[in-house]
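Each reported figure results from applying straightforward, stated rules to the coordinates on display, with no laboratory input. Here the structure is a predicted model, which means the values were calculated and not measured. No Cβ is skipped: glycine too gets one built from the backbone with ideal geometry, and neighbour counts run over all protein chains shown.
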Amino acid sequence: MSEKKRLLTGLQSSGALHIGNYFGALKPFLNTYEEYESFLMIADYHALTSLKNPEELRQNIYNVVRDYLAVGVDPSKAVIFQQSRVQEHTELAWIFDCLVTVPFLELGHAYKDKVAKGLEANAGLFTYPMLMAADILLYDTDVVPVGEDQRQHIEYAREAAKKFNNAFGQTFKEPEEKIQKEIAVVPGIDGKKMSKSYGNTIPLFGTKEEVSKAVMSIVTDSSGERPENVYAIHALFRSESELGPIYETNAGKYKVLKEMLIEDIEAVIAPMREKRNSITDEDVKKVIEEGSAQAKTIASAKMSDVRKKVGVSL
Ligand code: ADP
Ligand code: TRP
C-alpha cells in the first residue's frame, strides 16, 4: 500500500476549456496530484442526468481525457478511469439510496436549482449525490479537490459514509473536500470573470488565430493609463516585475501590448495544443481501459465487503 493519501476527483466535460479553467483548476491540480495516490474519474453516468445524446457523450469522454493529458497529467501517475466501466459505483449508489431519506436529498443544490427554475428533475438528478458518494467512498478517498459548487456533495458523501457505518459497522472513510481558495479569478476579455457562459473567454486549445481574435477584443478604456484588462491576463503569463517596464515603455500602445500578450500566451499553450492534437482516440481508450481495470480491482474488493455487511452475500 502506498504511504500517500488518496485523492479522487470526478470530471464532467463542460465543453472547450478556457484559460480561466487552466489557471483556476487544471494547473493547481497539476501542481499537487503527484503528492497523492490520485484517481481521476470521468463521471459519464453523472453526465447522463443531463445529456441524452450518445455521440456527444462519447465525444465528451474522449475530450475530457484528452484535455487532462494535454495539460500534462501523466497517466502512469494517476489512475484515469471511466465511472460506467466500474459497475460497483451504481451498485453502491443504490445501497446509499436505501439509507438516506427523501427530505435529505430534497436539500441537494442541483435538484433544488432545477425545481426552482420550474423544471422537472429526473430521478437520476435527485439521487446524483449518492452516486457521487459512491464514487468517492469506494476508494477510501482522503481528499476530493472540487470547486466551491461541489462542497455540499462532499458533505453528502460524509453523511452516506456515517449512515452506512452506523447501520452496518465501520466500512467507509469520511473524505475531506479540497477547495482552492487562494486562486484568483481570471478575468475575461470584458473584465468580468472569464466563463463560458459569458462568452468572454480566451480558449485554452484554440488556434493562434482564435487566441489572437480573443486578445484583440479585450476591452480597454481610453484613459491612456495601463490597460488593466490586458495587464491582468498578461500577469498570468509573465512576472509583474517584467511587465512593469514593458507597460511603461508602451503606455497607451494597446495594440503592441496585446500583440506581446498573444506571443506570451502562445508560448505556453502552443505545446499543449500540439500535444492535444497528437493524442488519438485510441490513445485515450488505452488510458481509460488500463485505469478502469486498476479502479475495478479496488472497487470490487470494497464491494465484496459491503455485500457481506448488508447481508446479500450468501
Ligand atoms: P465556467 O464558468 O466557464 O462554466 P466551470 O464552472 O466549468 O467554468 O469551472 C471549471 C473549473 O474552472 C472550476 O474549478 C472553476 O473554479 C475554474 N474556473 C472557471 N472559471 C474561472 C476563472 N475565470 N478564474 C479562475 N478559475 C476559474
Ligand atoms: N459532480 C461533479 C461535478 O459536477 C463531478 C463528480 C462526479 C465528482 N463524481 C465525483 C467530483 C466524485 C468529485 C468526486 O463537477
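Please report the net charge: other residues with Cβ closer than 14 Å to the Cβ of L105, K and R +1, D and E -1. Show your work: numbers first, answer last.
Numbers: positive: K112, K114, K163; negative: D97, E106, D113, E155, E159.
After counting each charged neighbour, the total is -2.
How big is the charge dipole of region 196-276 about its Cα centre, in debye rounded to the nearest 20, if each Lys and Arg gets +1 on its Cβ and each Asp and Glu gets -1 on its Cβ?
Values: 11 positive and 13 negative charges, 73 e Å.
I would put it at about 360 debye.
Work through the residues other than F168 whose Cβ is under 12 Å from its Cβ and net out their charges, Lys, Arg +1 and Asp, Glu -1. Display every interim value, and only then the final one.
Numbers: positive: K162, K163, R307, K308, K309; negative: D305.
Once all neighbours under 12 Å are counted, the net charge is +4.
At 222 nm, what helix-only mean residue ellipticity would the chain give, in deg cm²/dmol to the nearest 500, using -39500 (n - 2.57) for each DSSP H run of four or more? It would help to have the intermediate numbers written out before the result.
Values: 13 runs with 165 residues, N = 314.
Helices in the chain give a 222 nm mean residue ellipticity of -16500 deg cm²/dmol.
Compute the distance in nm between two label points, each set 7 Å from the Cα along the Cα-to-Cβ direction, one at N122 and one at N53.
Going by the 7 Å Cα→Cβ label model, 1.5 nm.
Over 30 Å between Cα atoms, which of K258/K286; K77/K308; K5/K309 qualify? Spell out each step's value before the answer.
Numbers: K258/K286 41 Å; K77/K308 32 Å; K5/K309 25 Å.
Pairs exceeding 30 Å: K258/K286; K77/K308.
So which GluC sites (Glu not before Pro) in region 143-200 are both in a DSSP loop and have at most 12 other Cβ atoms within 10 Å of their Cβ?
Numbers: sites: E148, E155, E159, E176, E177, E182; in loops: E182.
In loop regions of region 143-200 (DSSP not H, G, I, E or B), the sparsely surrounded GluC sites (Glu not before Pro) are E182.
Suppose every K and R has +1 on its Cβ and every D and E has -1 on its Cβ; what is the size of the dipole of region 45-87 about the Cα centre, in Debye to the nearest 20?
On the way: 5 positive and 4 negative charges, 23 e Å.
Using only the charged Cβ atoms, the result is roughly 120 debye.
What does the convex hull of the Cα atoms come to per residue for the chain, in Å³? If you can, show how the numbers build up before the last one.
Working: hull volume 47.9 nm³, N = 314.
Per-residue hull volume (Cα only) is 153 Å³.
If neighbour count is taken as other Cβ atoms inside 10 Å, put L51, L105 in order from fewest to most. Each step should come with its number before you reach the end.
On the way: L51 14, L105 17.
With the fewest neighbours first, L51, L105 line up as L51, L105.
Select from L137, Q150, V215 the residue farthest towards the positive end of the dipole of region 116-215; place +1 on Cβ of Lys and Arg, -1 on Cβ of Asp and Glu, and compute about the Cα centre.
Looking along the dipole axis, the top candidate is V215.
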